[in-house]
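Structure record follows, encoded as structure tokens.
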Amino acid sequence: IEPYLKSIRDRTQATALAKCALCVAEGHKTHEELREFITNFDNTEQEQEETNDFVETDIRIIHAKRLLQPGLRWRLDSLNKALGSIRKGNFGFIVARPETGKTTFLASEVTHMARSVTAPILWFNNEEEHEAVIYRLYQAAYGVDLPTLISRLDHYAEAYASDFGKRILVVTETPTTRKLVERLCRENQPSLILFDQIDKIQGFADDRNDLELQAIYGWAREIAKQYAPVIGVCQAGSTAEGKRWLTMNDVNNSKTGKQGETDFIIGIGKVPDEGLETYRYFHLSKNKLQGDPDTKPADRHGRWEVRIRPDIARYEDIA
């Protein structure tokens, strides 16, 4: 609500300034009165700006804000233990090879997070068909396969409307542009922002592709600071093919720029070995989050196995 209140204040002050100037033009006030009004106006603006120039120094307030205030928790408890919940200002991304299960991961986690939010979650989809994402959301929300979902469409449609309402909004317009994201964030004040294929966001131009991508990721960080935590998805390069533990060097089209703008990076590895088709390998190659009271410091850059259930669009921890 703060930006809205600030806009009202700015318009009110601008109206007062215009009226004072008009009075001078019509001879009802002197030029000195206008000068005094402008001086007082500038001093007020300066005082308001100075109140936000410095970071809070009371560690108790910072601790309560960053750790004790609940963030968005993961469905996978292993991520809660290793990474902790995500809060406004946090920006990270998932990196994996094609056909690894990146969209399934988002559906699995976001349907869990959505149960604890009041403001909507915005899902910007640059990857697959929008309607296919909706199927995944239903499956992940209730842990059912596609035949079961289709056989009871009325039941699950009513349950989804009751449980989630409009709390998960999949954006229809593609390709995703910078202006579109900023407009929908202003209008909806989201609790979480998802970019499925963040590298495809348009509205950034540079002679070099790596600098353009760095600009996208830097902009996404500012969006996270202004509105809500941001989770992006990007492709891993050919070096990640058949690899369990992905590192920052496996991020496609970048060695430093994209990685440097983020708070966390979750690599999802996959191997072609027979019998391991449903196993995925998580590696926190970057983690700057402080976590929660139950987060384990020893797991901050951990590696562990999970299981993917594509039939019900979920990831599961391995006991």
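The values are calculated or read from the model by the stated rules, or taken from the named source; none is laboratory data. Here the structure is a predicted model, which is why all the values come from computation and not from measurement. Cβ coordinates were reconstructed from backbone atoms using ideal geometry, including for glycine residues, and neighbour counts include every protein chain displayed. Remember, those area values only see protein heavy atoms, side chains included, never the ligands or the DNA or RNA. Shrake-Rupley method; radii C 1.70, N 1.55, O 1.52, S 1.80 Å.
May I ask for the longest run of the chain untouched by trypsin sites (Lys or Arg not before Pro) that are loop-located per DSSP and have at most 15 neighbouring C-beta atoms (other than their own) within 10 Å?
Values: sites that count: Arg152, Lys166, Arg208, Lys255, Lys288.
In the chain, the maximal stretch lacking such sites is 1-151.
Counting only the Cα atoms, the chain fills a convex hull of 181 Å³ per residue.
Charge dipole (Cα centre; +1 on Lys/Arg Cβ, -1 on Asp/Glu Cβ; no other charges) of the range 104-212 amounts to roughly 460 debye.
For the chain, averaging the sequence separation of C-alpha pairs within contact (under 8 Å, six or more residues apart) and dividing by the residue count gives a relative contact order of 24 percent.
On a per residue basis, the chain carries 54 Å² of accessible surface, using protein heavy atoms and a 1.4 Å probe.
Toward the positive end of the charge dipole of the chain, with +1 on the Cβ of Lys and Arg and -1 on the Cβ of Asp and Glu, the farthest Cα among Ser116, Ala228, Thr177 is that of Ser116. Under 19 Å of direct C-alpha separation, and excluding same-chain neighbours fewer than eight residues apart, Lys288 reaches these lysines: Lys65, Lys81, Lys88, Lys225, Lys255, Lys258, Lys296.
When the Cα atoms of the range 205-319 are aligned to their principal axes, the ranges along those axes come out at 45, 38, 28 Å in descending order.
By the Kirkwood approach, averaging reciprocal distances over each pair of separate Cα atoms, the range 56-208 gets a hydrodynamic radius of 17.2 Å. Compute the Cα gyration tensor for the range 95-163, then decide on rounded, prolate or oblate, letting a ≥ b ≥ c be the square roots of its eigenvalues: rounded whenever a/c is under 1.5, prolate when a/b is larger than b/c in the other cases, and oblate in all that remain. Verdict is oblate for the range 95-163. Whole percent per 10 Å bin, from 0 to the bin with the longest distance: what is P(r) over all C-alpha pairs of the range 268-319? Pair shares across the bins are 21, 45, 28, 7. Surface composition of the chain: carbon plus sulfur atoms hold 52% of the accessible area, using a 1.4 angstrom probe and ignoring ligands, DNA and RNA.
Put a plus charge on the Cβ of each Lys and Arg, a minus charge on the Cβ of each Asp and Glu, and nothing anywhere else: the dipole of the chain about its Cα centre is then about 660 debye. Using the Cα gyration tensor of the range 138-263, with a ≥ b ≥ c the square roots of its eigenvalues, what is the shape: rounded (a/c below 1.5), prolate (a/b larger than b/c) or oblate (neither)? Oblate. Multiplying the residue separation of Ala159 and Val271 by 0.36 nm and subtracting their alpha-carbon distance yields 36.6 nm.
Counting only aspartates and glutamates at least 8 places from Lys6 when in the same chain, those with an alpha carbon closer than 13 Å to its own are Glu45, Glu49.
Taking Lys270 as the anchor, which aspartates and glutamates have their alpha carbon closer than 12 Å to its alpha carbon, excluding any fewer than eight residues away along the same chain? Once the sequence-local aspartates and glutamates are set aside, what remains near Lys270 is Glu99, Glu241, Glu305.
Out of the range 90-143, which GluC sites (Glu not before Pro) are coil in DSSP terms and have no more than 11 other C-beta atoms within 10 Å? The qualifying sites are Glu99, Glu129.
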